[in-house]
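Single-structure report; data block below.
The values are calculated or read from the model by the stated rules, or taken from the named source; none is laboratory data. Keep in mind it's a predicted model, so treat the numbers as computed, not measured. Counting neighbours? That spans all protein chains shown, and the Cβs are built from the backbone with ideal geometry, glycine included.
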Amino acid sequence: MQTMIATACILGLAASCASAGDGPRVRERSGEKQGPLLLGDDMAAALVNFVRGAEAGGAPQGLSLDEVAPPSEADWALPEPPPVQDHDAWVFVPPMPRGCRNAADGTGEASVEAGEHRGEFALDLRAGAGEYAWGVASPCMTFTPERDGVVRCRTAVVVRGTVEAAGELDQTGAYLGAWIAHCHPKDRGSYSERVGWSSEGMIGAVRFDGYVLMHEATFPVQAGVEHLFGAGLSAACAARDGKAGMKLWGRPAYLTVEMVGE
């Protein structure tokens, strides 16, 4: 199974961008609402900036994504969760207990579907000239710590499907990421997203065949307070000219949560 690779900056999503040799790019933010909502806000703002000034050219016709068939049950192989300490730790694996945020939006075509218990996702995102599309998909886990402190969350999401683009060089962009977000208490929302694959100005198609996106982040928690965390897949595409799209299926392999500090 292919593991996560280093990526270059895409779509202007960060003030300072890593080169391909610098390793995967991580962005984090806290605010006064749930972390998955903050993530969606930032994705939309970055995509709007990417296509700003481009003339809208209509629907993204001509991509071959409709021919991409969904994977079979036999195609999936999920990595095992990493070891955790014996106490103050929670390990969540499919079927996940509840849903977090499963949403798609943009000026292009965007849809996301979540399977039973949010154990699998299907995203279909397409953008013609001057358009963008984004999607996030995630289950939600809840726990109540016995003491104040800091938790380390680790997750892995397995992806299958295709990303495709056509047009002039440097006019399209797409990326896939793994994210972890603090959802409740919602006035202390935050998220951390790690880009696991990105491409700027690509032409043609890239196939993902059991691609593993991994991420970890830390968050403060309070004793006796119910905390909710979401962890899942983020994806986006945009085109100043030409067209870009992605048809993807993803499955979360695990989310581990463990106390690592006071």
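Is at least one residue of region 238-246 out of contact with any Asp or Glu (no Cβ under 8 Å at 6 or more places or on another chain), part of a loop (DSSP other than H, G, I, E, B), acidic (D, E) and touching a residue at least 40 places away in the same chain (Cβ under 8 Å)?
Looking through region 238-246, none of the residues is out of contact with any Asp or Glu (no Cβ under 8 Å at 6 or more places or on another chain), part of a loop (DSSP other than H, G, I, E, B), acidic (D, E) and touching a residue at least 40 places away in the same chain (Cβ under 8 Å).
Checking the conditions here, which among D124, D170, D148, D86 is surrounded by fewer than 24 Cβ atoms within 10 Å (Cβ to Cβ) and modelled with pLDDT under 85?
Answer to the check: D86.
With respect to A253, determine if the residue is buried (at least 23 other Cβ atoms within 10 Å of the Cβ) and not charged (D, E, K, R).
It is false that A253 is buried (at least 23 other Cβ atoms within 10 Å of the Cβ) and not charged (D, E, K, R).
State all residues of region 151-167 that are over 28 Å from P70 (Cα atoms) and either buried (at least 24 other Cβ atoms within 10 Å of the Cβ) or among the hydrophobic types (A, V, I, L, M, F, W, C) (or both); if no residue qualifies, say none.
V151, C153
State the number of residues belonging to region 127-145 that are assigned to a loop (DSSP other than H, G, I, E, B) and crowded, with 18+ Cβ neighbours inside 10 Å.
Going through region 127-145 one residue at a time, the tally reaches 5.
Checking the conditions here, which among G161, G177, G167, G173 is under 23 Å from E28 (Cβ atoms), small (G, A, S) and either out of contact with any strand residue (DSSP E or B) (no Cβ under 6 Å at 6 or more places or on another chain) or touching a residue at least 60 places away in the same chain (Cβ under 8 Å) (or both)?
G173
Look through region 89-121, keep the residues that are among the β-branched types (V, I, T) and more than 24 Å from T144 (Cβ to Cβ), and return whichever of them is surrounded by the fewest Cβ atoms within 10 Å (Cβ to Cβ).
Looking at residues that are among the β-branched types (V, I, T) and more than 24 Å from T144 (Cβ to Cβ), I get T107.
(1) modelled with pLDDT under 95; (2) closer than 19 Å to Y211 by Cβ; (3) out of contact with any helix residue (DSSP H, G or I) (no Cβ under 8 Å at 6 or more places or on another chain): which one isn't true of F143, the others all being true?
(2)
Let's see how each residue does on (1) within 20 Å of A235 (Cα to Cα); (2) β-branched (V, I, T); (3) not in a strand (DSSP E or B):
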site: A77; (1), (2), (3): no, no, yes
site: P83; (1), (2), (3): no, no, yes
site: W90; (1), (2), (3): no, no, no
site: P95; (1), (2), (3): no, no, yes
site: R101; (1), (2), (3): yes, no, yes
site: A104; (1), (2), (3): yes, no, no
site: V112; (1), (2), (3): yes, yes, no
site: A122; (1), (2), (3): yes, no, no
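Quick check on region 21-31. Is at least one of its residues touching a strand residue (DSSP E or B) at 6+ places or on another chain (Cβ under 8 Å), under 29 Å from D241 (Cβ atoms), at pLDDT 90 or above and not aromatic (F, W, Y)?
no
Under 8 Å by Cβ, and 6 or more places apart or on different chains, what pairs join a residue from region 93-118 that is more than 10 Å from A137 (Cβ to Cβ) with one that is hydroxyl-bearing (S, T, Y) and at pLDDT 85 or above?
Hits for this filter: V93/Y254; P97/T142; R98/T142; G106/Y132; T107/Y132; G108/Y132.
Can you confirm whether S234 is within 20 Å of L47 (Cβ to Cβ), in contact with a Leu (Cβ under 9 Å, 6 or more places away or on another chain) and assigned to a strand (DSSP E or B)?
Criteria met by S234.
Would it be correct to say that E216 is of a type in the set (D, E, K, R), part of a strand (DSSP E or B), closer than 25 Å to G35 by Cα and in contact (Cβ under 8 Å) with a residue 40 or more places away in the chain?
yes
Can you tell me how many residues within region 27-77 are of a type in the set (A, V, I, L, M, F, W, C) and under 23 Å from H227 (Cα atoms)?
Summing the residues that are of a type in the set (A, V, I, L, M, F, W, C) and under 23 Å from H227 (Cα atoms) in region 27-77 gives 3.
Among the residues of region 217-232, are any at pLDDT 95 or above, in contact with a Gly (Cβ under 7 Å, 6 or more places away or on another chain) and either surrounded by 24 or more Cβ atoms within 10 Å (Cβ to Cβ) or of a type in the set (A, V, I, L, M) (or both)?
no
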